[in-house]
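One structure below.
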Amino acid sequence: MPALSLRGLSQDIYDGLKAMAAQNHRSMQEQARLLIEREVRLHQPAAMERARSWRERMSDRPMPQLREDLRADRDR
C-alpha cells in the first residue's frame, strides 16, 4: 500500500488535526487519511456529475424553508 509523509505543517495545523482526531476518536493518521480521501473524492469528475444530476432532479421540487420552520417552532 502506498504511503505518504507530510512535512512542513505549521504548528496550528498540526494541533488542529490532533484536536479533530481526538474529537472523532481517531488517530491522527486515520483523520488525515479520511480528510485526504474525502477531498480527493469530491474533486473526481464522477462525484461532480452525480451532484449536478441530483441538483437537476431536485430543481423542480419545493424545498422546505427550514429557517422559517425552526423559528416558528421556537415561537410555539
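The values are calculated or read from the model by the stated rules, or taken from the named source; none is laboratory data. What you see is a predicted model, and the numbers here were worked out from it, not measured in a lab. Glycine gets a Cβ as well: all are built from the backbone with ideal geometry, and neighbour counts include every protein chain shown.
Tabulated results
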read-out	value
Where a residue in the range 47-67 is of a type outside the set (S, T, N, Q) and its partner, wherever it lies, is part of a helix (DSSP H, G or I), with Cβ under 6 Å and at least six apart	ALA47/ARG41
Residue ID - farthest from SER5 (Cα to Cα), chosen from residues in the range 28-44 that are at pLDDT 90 or above and basic (Lys, Arg)	ARG38
Scan of the range 31-76 for residues that are touching a Leu at 6+ places or on another chain (Cβ under 8 Å) and not in a helix (DSSP H, G or I), ordered by number	none
Residue within the range 33-50 that is acidic (Asp, Glu) and surrounded by 11 or more Cβ atoms within 10 Å (Cβ to Cβ) present	no
